[in-house]
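Worksheet: the structure to be examined is printed underneath.
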Amino acid sequence: MAVPRFDPSHSVKFDLGRGSVHLEGAGPRLLVPPDALVDLCRHAGQESLADFGRKLGTEVGRRIGEQWGDAGQNIGVEGFIEHLGGNLALLGFGSASLERWGRALVFVVEGSPLGAAGDPLLAAIFEGALQRLMGRDARAVVLGRDADHVRFLIAGEKGASKVRALLASGKAWGDALAALHEGGAA
Amino acid sequence: MISPQDQIAKLERLLERVKSNAGRARVAVSATPVKAAAPSLPEPMLEPIPEPVLETEPPPPAAVAQPVVAEIPAPEVEEETSMVRAIPVDADEEVSVEMGEASIEDVDLLEDEIVDITDATAEEAPTAVIEEPPSSSRRAIAGTMDEALSGAAESVEMDEGREIPLKTPPPESGPQAAPLPAQALQPPPTPDLDELGQPELVSGTQPTAAQLGSTIDLPTGSETELELGEPVAEAPPVHLVREEPLRVAPPPPAEPVRPQVHARPPLAPATPPSAFASAARSFQPQSFRELLEASLRLGSD
């Protein structure tokens, strides 16, 4: 059974009489300014921010799983990123894409309204979505960021620790990925 | 008032009488008007001529022989010349011809008293009225021929004691066309260069007469090319040397700017550029889960 394409039609409904915004299959949503959310995340602490993000990711995973059905376990790379990226776009977190560097899985988000301050929140969203869809505990590590793009490496607990250490030592994220493949990371 | 026909008749008679008297005269004086003749001739010193009594009675034509007149050109009216000459005429024979206001008198005079007035003053004759000589020099008009001869003799005796200036040219000479100076109208002769030899400088500033007006054709040179020797490098005079602005030769056209390229040495084919690249080529996940599991294992070994 083939996985259906992502269809955003009628995904968001505005009930102006009741004063609510509804996301299909998810219930009411809030439209909040990103700067206020960033300030809240800064003062919430790392664990609270990670819990908040994982909840958002779990919600995204659930919706994707509802769209896939049982065939979602064998979904292809292009199909997965199509649905994940579509759902993140409905939430207003930017446009997500996927890069594969060897065996390393890298998510790229472009045009996030939260900026660099919202990168830990995005990382927690990816961890929650993967937990909900794939049932795997993964860590999203920020490899690098430029003006409009941010890259997240999906790795295990050990691998994430090694990459953070390499980046903290001053290595470029490419070299860190290469080192992670060679197994020579510190 | 005399009619023109009468005047013409009188003039004709006068002419005949003149011709007849000329035959008896020793020399016939021609009154050829010469205007441009002999500018170098000395002007005759004219002396007032005793004015004869003019009467209108013409002379008898048969009484005189026909004179031999040497080609008297018919004078033009504007160049009419008055002349007086000695003509032996009888004492009682007087001829007077009136020509308008002027008159020609034909009287008997001595040879010394022959005055030729056909000179440059002839231009004044046609229209000018014969002026009367001053009263001081006026002589009494002789009534007869004897009185005239005696008066003339007295005047000769009076003039013997003093130097008589030359009044008129001798009758033989008469008024003649003065020959033009041959040298004045002819170009100067071309000097013979062979005879001249070395030029002789007469004056440092003015050319000689022989050098004026003559053109000497120099022989044309051969058409062979001249072989010029190398110019001798001589320093120009100090006053001719001036400082000219420094002329910088225009730079040659600029070549396009090209970087100095240091080529990177080629890599040895046996050396793999990166293990990562080889791993990327070898791993081809079939599903997202396979990719996720491989990525989760990174760094766990």
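Quick check: from the Cα gyration tensor, does region A:126-186 come out rounded (a/c under 1.5), prolate or oblate?
Details: a/c = 2.64, a/b = 1.34, b/c = 1.97.
Verdict is oblate for region A:126-186.
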Inset, instruction - May I ask you to give the percent of accessible area on chain A that is carbon plus sulfur, with a probe radius of 1.4 Å? - result: 52
Inset, instruction - Give me the accessible area of residue A:10, 1.4 Å probe, in Å² rounded to the nearest 10. - result: 140
Inset, instruction - Would you mind classifying region A:28-73 by shape? Square roots of the alpha carbon gyration tensor eigenvalues, ordered a ≥ b ≥ c; an a/c under 1.5 is rounded, otherwise it is prolate if a/b is larger than b/c and oblate if not. - result: oblate
Inset, instruction - Please return the longest stretch of chain A lacking exposed loop sites, where trypsin sites (Lys or Arg not before Pro) count only if DSSP places them in a loop and at most 16 other Cβ atoms lie within 10 Å. - result: A:19-135
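Rank B:145, A:134 by accessible area, highest first, at a 1.4 Å probe radius?
On the way: B:145 45, A:134 15 Å².
From most exposed to least exposed: B:145, A:134.
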Legend entry - Solvent-accessible area buried by pairing A with B, both sides, nearest 100 square angstrom, 1.4 angstrom probe: 2200
Inset, instruction - First measure r as the distance between the Cβ atoms of residue B:146 and residue B:9, then evaluate 1/(1 + (r/R0)^6) with R0 = 22 Å and state the FRET efficiency to the nearest 0.05. - result: 0.10
Legend entry - Most fluctuating residue given options A:84, A:143, A:31, as computed from a GNM of chain A linking Cα atoms under 10 Å: A:31
Inset, instruction - Two decimals is fine: what is log10 I(q)/I(0) at q = 0.21, 0.22 Å⁻¹ for region A:69-173, from a Debye sum with one equal scatterer on every Cα and no solvent? - result: -1.21, -1.32
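Give, rounded to the nearest 20 debye, the magnitude of the charge dipole that region A:1-141 has about its Cα centre when Lys and Arg contribute +1 at Cβ and Asp and Glu contribute -1 at Cβ.
Details: 14 positive and 17 negative charges, 36 e Å.
The calculation lands at about 180 debye.
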Inset, instruction - Could you tell me which of rounded, prolate or oblate describes region A:18-142, using a ≥ b ≥ c as the square roots of the eigenvalues of the alpha-carbon gyration tensor, with rounded for a/c under 1.5 and, failing that, prolate when a/b is larger than b/c and oblate otherwise? - result: oblate
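Sum -39500 (n - 2.57) across every DSSP H segment of at least 4 residues in chain A, then divide by the residue count to get the 222 nm mean residue ellipticity, nearest 500.
Values: 6 runs with 87 residues, N = 186.
For chain A, the value works out to -15000 deg cm²/dmol.
The values are calculated or read from the model by the stated rules, or taken from the named source; none is laboratory data. Please read all numbers here as calculations on a predicted model, not as lab measurements. Positions of Cβ are backbone-derived with ideal geometry, glycine not excepted, and every protein chain shown enters the neighbour counts. We work out accessible area using only protein heavy atoms, side chains counted, and drop any ligands, DNA or RNA first. Shrake-Rupley method; radii C 1.70, N 1.55, O 1.52, S 1.80 Å.
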